[in-house]
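Heads up: the structure comes next, in structure tokens.
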Amino acid sequence: MGKITGFLEFERVSETYEAPAARVKHYKEFVLALDDKQAQQQGARCMDCGIPFCNNGCPVNNIIPDWNDLVYKQQWEKALNTLHSTNNFPEFTGRICPAPCEAACTLNINNMPVGIKSIEHAIIDKGWEKGWVVPKVPLKRTGKRVAVIGSGPSGLAASQQLARAGHSVVLFEKNNRIGGLLRYGIPDFKLDKSLIDRRILQMEAEGVEFRTSTYVGNKGDKVEDGLTIVTFEELDKEFDAIVMAGGSETPRDLPIPGRDLEGVYFAMQFLTQQNRENAGDRIKEKISAKDKHVVVIGGGDTGSDCVGTSNRQGAASVIQIELMPKLPEHENKALTWPYWPAKLRTSSSHEEGCEREWSILTKSFEGKKGKLQKIIAARVEWVRDEVSGQMKMQEVPNSEFEIKADLVFLAMGFVHPVAAVLEAAGVEKDARGNVKANTDNYQTSVPKVFAAGDMRRGQSLVVWAIREGRQCARAVDEFLMGSSLLPR
């Protein structure tokens, strides 16, 4: 805990942002982190609550009260060690995690929660600034070799843990740079990619080998030019264990009339291009929102990222529509705490300029000469079925209307990993099309092949991917050595 009476003395102080008019002119991070005194006061607000619900609210089970107390006492290096004991990459989660830990904070029952995420951000940034984040090279090598497929947060976490256990780890990534979703799915203004680069240098010093532009699948699979194809049979011969840690990359489509018009794209087609351009790549046939009327279909984080990127490209207008009804602005804490509440959330991208509509059904796309011009939509209402008790959608009579649209981004989530990769591996799939594996040992139906992260659990948070990568690494270590000292 922090100061005994801290939660009574100090108010929550949140991180601030650069003004919207200024930040939409660039793709750099714009969050102004807490200074030492502000972080100390936030740490002081941590209560002696007896049961740290924040610890269970956090997927990686961060030891939050401990490092809150250490920041309050200004023992920053000890706070960093405590933070790193459960989280390999707090600079990622301290920036992009939605902070379910704060929803579970005991102070959140009738007050504003401790600014846990902002303290985490302050700890890790100070750690890098002071030079406390250094490679942890194992004292001895086991002689075992492990292949990890996918360099997103799950693959990175698994690779780092396995390398620190003394195994020789080779991480395969189909893109030209390491990072997966972190690199190409999250805009630079939310996560500066230099943060990934410095972790890569640390991991290389710890013994991880990175192989980019390498696709793991079948020789006959259709891949982009310049990619090297490696088969699972080749990995099986070379490695003692294989970890499948790719993303859930198959987006949910909207198969309605006009879907094939020019101007209708998946969100990741748009976001990935901009990140690549920011990194210096040349983009052929770039999707540009400049002077366009943009409609984002889907109300989640990916949709919000499309809003922010469209505004930075100079869109004429941006509207985000959602099929589900509008959520309340404030949750009933007596009913929801300590769980993650369903409530209306307004992101920094929304604040930069965006119209938002809920309970909207997209019926068709229309255009001329193959190019999108408008959306035909209708309003819906959600009613409870008297028999099943489930909420069902009904179109409101005579509510059809048009939305002017030059560009549409489909941001409705992802359904499962790339099917061709799973078929090449020969692993059993679950009912949703993900790799079937439990969280006890993370083993698939194929001997010595493991799965973790979005490829196993489906689309989820970065912090869940880190958790699964860490736990999978321990399972692999136990499989190879009979026991493991890696934390779970």
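Total residues in segment 374-383 satisfying the condition of being touching a residue at least 40 places away in the same chain (Cβ under 8 Å) and either closer than 29 Å to residue 288 by Cβ or open to solvent by less than 50 Å² (accessible area, probe 1.4 Å) (or both): the figure is 3.
Quick check on segment 12-24: of everything there that is charged (D, E, K, R) and either closer than 13 Å to residue 34 by Cβ or without any contact (Cβ under 8 Å) to a residue 60 or more places away in the chain (or both), which residue is least open to solvent (accessible area, probe 1.4 Å)? So that I can check it myself, show each step before the final result.
Residues of segment 12-24 charged (D, E, K, R): 12, 15, 18, 23.
With either closer than 13 Å to residue 34 by Cβ or without any contact (Cβ under 8 Å) to a residue 60 or more places away in the chain (or both) added as a condition, the list becomes 12, 15, 18.
Details: 12: 64, 15: 44, 18: 60 Å².
Once the filter is applied, the top-ranked residue is 15.
Would you mind stating whether residue 389 is outside the structural domain of residue 287 (by the TED database) and not polar (S, T, N, Q)?
On the way: outside the structural domain of residue 287 (by the TED database): no; not polar (S, T, N, Q): yes.
Taking the combined requirement at face value, the residue does not satisfy it.
Being aromatic (Phe, Trp, Tyr) and open to solvent by 10 Å² or more (accessible area, probe 1.4 Å) is the filter; apply it to segment 31-78 and report the residue that is nearest to residue 131 (Cα to Cα). Can you show your working first?
First, the residues of segment 31-78 that are aromatic (Phe, Trp, Tyr): 53, 67, 72, 76.
Keeping just the survivors that are open to solvent by 10 Å² or more (accessible area, probe 1.4 Å) gives 53, 72, 76.
Working: 53: 32, 72: 21, 76: 12 Å.
Here the residue is 76.
When you go through 470, 457 one by one, which is the residue that is basic (Lys, Arg), at negative phi, open to solvent by less than 40 Å² (accessible area, probe 1.4 Å) and under 19 Å from the mean Cα position of the chain (by Cα)? Break it down into steps so the answer makes sense when it comes.
Details: 457 fails: open to solvent by less than 40 Å² (accessible area, probe 1.4 Å).
The conditions single out 470.
Scan segment 406-414 and tell me whether some residue there is open to solvent by 80 Å² or more (accessible area, probe 1.4 Å) and on the phi < 0 side of the Ramachandran plot. No, segment 406-414 has no match at all. Among the residues of this structure, residue 473 counts as one that is among the aliphatic types (A, V, I, L, M) and part of a helix (DSSP H, G or I).
The condition (being of a type in the set (S, T, N, Q), assigned to a helix (DSSP H, G or I) and in contact (Cβ under 8 Å) with a residue 60 or more places away in the chain) is satisfied by just one residue among 68, 81: 68. For beta carbons closer than 8 Å, sequence separation of 6+ or different chains, a first residue in segment 119-140 that is surrounded by fewer than 11 Cβ atoms within 10 Å (Cβ to Cβ) and a second that is modelled with pLDDT of 95 or more and not acidic (Asp, Glu), the qualifying pairs are 134/202; 139/166; 140/166. Just one of the listed residues (191, 201) is open to solvent by 60 Å² or more (accessible area, probe 1.4 Å), within 30 Å of residue 26 (Cα to Cα) and hydrophobic (A, V, I, L, M, F, W, C), and it is 201.
For segment 100-116, the candidate set comprises residues that are open to solvent by 10 Å² or more (accessible area, probe 1.4 Å) and either outside any helix (DSSP H, G or I) or free of Cβ contacts under 8 Å to residues at least 40 places away in the same chain (or both); within that set, the residue that is nearest to residue 154 (Cα to Cα) is 105. Per this entry, residue 425 is counted among residues that are within 21 Å of residue 220 (Cβ to Cβ) and either in contact (Cβ under 8 Å) with a residue 40 or more places away in the chain or open to solvent by less than 50 Å² (accessible area, probe 1.4 Å) (or both).
Considering 326, 369, the condition of being free of Cβ contacts under 8 Å to residues at least 24 places away in the same chain and open to solvent by 70 Å² or more (accessible area, probe 1.4 Å) is satisfied by 369 alone.
The values are calculated or read from the model by the stated rules, or taken from the named source; none is laboratory data. Just so you know, these numbers come straight off a predicted model, no measurement behind them. All Cβ positions, glycine included, derive from the backbone under ideal geometry; neighbour counts span all protein chains shown. Just the protein is used for accessible areas: all its heavy atoms, side chains included, with ligands, DNA and RNA removed. Shrake-Rupley method; radii C 1.70, N 1.55, O 1.52, S 1.80 Å.
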